[in-house]
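The values are calculated or read from the model by the stated rules, or taken from the named source; none is laboratory data. Owing to the predicted nature of the structure, the values given are computational and were not obtained by experimental measurement. Cβ placement follows ideal geometry from the backbone for every residue including glycine, while neighbour counts extend to all protein chains displayed.
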Amino acid sequence: MAMIPKKLAIPDVAKSIVTSFDEIAQREGLLPIKVSDFYAAKVEEEMRVLRERELSGAEGPLYRCVLPSMDRFSERVSGEVGDFIGDHVNMPEELRDVLIWKYQDRVLFLPTDRCASNCQYCFRTAYLSDRYGAKPFTLEEKVAKLVEFLREHPVIEEVILSGGDPMVMAPAQLEMVLRALREDAGVKHIRIHSRTLVYSPFVYTPAACEMLAKYRVRLVHHVAHPYEICEVVKEHVARLSRAGVRQYNQFPLLRNVNDHVDVLRELIVALDEVGVRTISIFAPDVVNFSAPFRVSLRRQFALMDELAWSSPAWVHAVRYALDNPHGKVRQQDFVRWEEDVNEKGGRVPFAIFKREGREIRYPDFPDELDIPGKRDVMLWRDYRGR
């Protein structure tokens, strides 16, 4: 059931969409709507400004991050699946729902299935919704299994904590995990991926910052839009920096959220100004109900080229990648375009990438459905009336 703060007064038409989404989410295994009070205030401001500028029919980028629009469930394309990148396939049988081992030297550990808010574009929604509320193992059991596995596989040098969002865990639980990785398993590198900085920055108390620094954690934020960076967020970034926590950012390229070079540039610059280095931009995975956020590969390539041509190196020196069951590929790995025909006779576009001698077929998003987001809506504080 939707968890929306009462103070977030969404329009009546949006209420009907939320009701419909609740029904579809339960049927299709999508995450329920969940919006933190902190983020809801930003969505409220966005809706107010768009109404004042007579853009009330448009859903702003922050709104689209956490609330469903009509195209969220009416737009489907070929190639969408529940687990596009092969999370389940890469879970060792004895560590099912605990660990994903896709790359030889690093693993993804899943200590929690909870988040501060649920992203509408979440690419792990099938896994998380399946596990939502279920606890196949206690955290202590998960950690014990993880430590045993790491000791048996010394080739693994890095553990990435994801989920869910590890920063919503109780501090004592998180420290138990970090201590086990450092002291019991002797892991060289620990990384935490989290979106709490924009959804609930208050989790970064002085004690939490000191704990992250103590265990030499690399903290990777998932800031997707420049308007998610407010003074409160900046204060908590500064607190983390003062504690000595290394901070990075990676984010997906999302249609109607940040699919304009001006938005991308503003986001990367705003983060750099507060000392957060953007390390990667990635394409949203081809998962069920992802179509409203996807961008055609031709336009993705063009946006990355435009960002490079129009920005200094410290802005565009980020990795752009597309994940798939065989590993990440880059624009430089592109080989050619291909097409299939589906059972209805429709065109199904594919891109062929080549990595380590292997050709990889990647489902493209149809050009005719890729209607670019409007700059004046995505950057509503910088309204130009055009």
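Within 17 Å of Phe123 (Cβ to Cβ) and charged (D, E, K, R): does that describe Arg255?
Spelling it out, Arg255 is indeed within 17 Å of Phe123 (Cβ to Cβ) and charged (D, E, K, R).
When you check Glu228 against the structure, is it in contact with a Cys (Cβ under 9 Å, 6 or more places away or on another chain) and buried (at least 16 other Cβ atoms within 10 Å of the Cβ), yes or no?
Yes: the conditions hold for Glu228.
I'd like the full set of residues that are crowded, with 21+ Cβ neighbours inside 10 Å and more than 16 Å from Trp380 (Cβ to Cβ), limited to the stretch 265-276.
Matches in the stretch 265-276: Ile268, Leu271, Val276.
Inside the stretch 116-157, can you point out the residues that are of a type in the set (A, V, I, L, M), modelled with pLDDT of 90 or more and surrounded by 14 or more Cβ atoms within 10 Å (Cβ to Cβ)?
Ala116, Leu139, Val143, Ala144, Leu146, Val147, Leu150, Ile156
Which residue is nearest to Leu322 (Cα to Cα), if the candidates are limited to the stretch 361-386 and must be at pLDDT 90 or above and touching a Leu at 6+ places or on another chain (Cβ under 9 Å)?
Looking at the filtered set, the residue picked out is Tyr362.
So which pairs qualify, if the first residue must be in the stretch 109-120 and more than 22 Å from Arg64 (Cβ to Cβ) and part of a loop (DSSP other than H, G, I, E, B), the second must be charged (D, E, K, R) and modelled with pLDDT under 95, the Cβ gap must be under 6 Å, and the two must be at least 6 apart or on different chains?
Between residues of the stretch 109-120 that are more than 22 Å from Arg64 (Cβ to Cβ) and part of a loop (DSSP other than H, G, I, E, B) and residues that are charged (D, E, K, R) and modelled with pLDDT under 95, the close pairs are Asp113/Arg131.
Would a scan of the stretch 213-220 turn up a residue that is buried (at least 21 other Cβ atoms within 10 Å of the Cβ) and farther than 21 Å from Asp113 by Cβ?
So far as the stretch 213-220 goes, no, none of its residues is buried (at least 21 other Cβ atoms within 10 Å of the Cβ) and farther than 21 Å from Asp113 by Cβ.
The rows are residues; the columns are (1) of a type in the set (D, E, K, R); (2) assigned by TED's automatic domain parsing to the domain that holds Tyr320; (3) more than 19 Å from Gly79 (Cα to Cα).
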{"position": "Arg218", "(1), (2), (3)": "yes, yes, yes"}
{"position": "Ala224", "(1), (2), (3)": "no, yes, yes"}
{"position": "Leu240", "(1), (2), (3)": "no, yes, yes"}
{"position": "Gln247", "(1), (2), (3)": "no, yes, yes"}
{"position": "Val257", "(1), (2), (3)": "no, yes, yes"}
{"position": "Val269", "(1), (2), (3)": "no, yes, yes"}
{"position": "Val274", "(1), (2), (3)": "no, yes, yes"}
{"position": "Ile279", "(1), (2), (3)": "no, yes, yes"}
{"position": "Ser296", "(1), (2), (3)": "no, yes, no"}
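Go through the stretch 246-262 and report how many residues are crowded, with 23+ Cβ neighbours inside 10 Å and either without any contact (Cβ under 8 Å) to a residue 24 or more places away in the chain or farther than 17 Å from Arg319 by Cα (or both).
Of the residues in that region, 3 qualify.
Which condition from (1) modelled with pLDDT of 85 or more; (2) of a type outside the set (Val, Ile, Thr); (3) touching a strand residue (DSSP E or B) at 6+ places or on another chain (Cβ under 7 Å) is the one that Asp87 breaks?
Of (1) modelled with pLDDT of 85 or more; (2) of a type outside the set (Val, Ile, Thr); (3) touching a strand residue (DSSP E or B) at 6+ places or on another chain (Cβ under 7 Å), only one is false for Asp87: (1).
Could you check the stretch 170-207 and list, in sequence order, the residues that are within 25 Å of Val223 (Cα to Cα), among the aliphatic types (A, V, I, L, M) and touching a helix residue (DSSP H, G or I) at 6+ places or on another chain (Cβ under 8 Å)?
Leu174, Val177, Leu178, Ile190, Ile192, Leu197, Val198, Val203, Ala207
Residues in the stretch 245-262: is at least one part of a strand (DSSP E or B) and aromatic (Phe, Trp, Tyr)?
yes
Looking only at the stretch 319-327, decide whether some residue is modelled with pLDDT of 90 or more, under 14 Å from Asp364 (Cβ atoms) and out of contact with any helix residue (DSSP H, G or I) (no Cβ under 7 Å at 6 or more places or on another chain).
Checked the stretch 319-327: at least one residue is modelled with pLDDT of 90 or more, under 14 Å from Asp364 (Cβ atoms) and out of contact with any helix residue (DSSP H, G or I) (no Cβ under 7 Å at 6 or more places or on another chain).
Would you be able to say whether some residue in the stretch 13-25 is touching a residue at least 60 places away in the same chain (Cβ under 8 Å), surrounded by 13 or more Cβ atoms within 10 Å (Cβ to Cβ), hydroxyl-bearing (Ser, Thr, Tyr) and touching a Phe, Trp or Tyr at 6+ places or on another chain (Cβ under 8 Å)?
no
Considering every residue within the stretch 274-297, establish whether at least one is at pLDDT 95 or above, farther than 17 Å from Pro226 by Cβ and over 16 Å from the mean Cα position of the chain (by Cα).
Yes, because at least one residue in the stretch 274-297 is at pLDDT 95 or above, farther than 17 Å from Pro226 by Cβ and over 16 Å from the mean Cα position of the chain (by Cα).
Sort through Phe289, Phe353 and tell me the only one that's touching an Asp or Glu at 6+ places or on another chain (Cβ under 6 Å), buried (at least 19 other Cβ atoms within 10 Å of the Cβ), over 30 Å from Leu240 (Cα atoms) and touching a residue at least 24 places away in the same chain (Cβ under 8 Å).
Phe353
Which residues, counting only those in the stretch 307-338, are surrounded by 13 or more Cβ atoms within 10 Å (Cβ to Cβ), outside the structural domain of Gly82 (by TED's automatic domain parsing) and in a helix (DSSP H, G or I)?
Gln331, Asp333
Just one of Tyr39, Tyr63 is free of Cβ contacts under 8 Å to residues at least 24 places away in the same chain and of a type in the set (Phe, Trp, Tyr); which is it?
Tyr63
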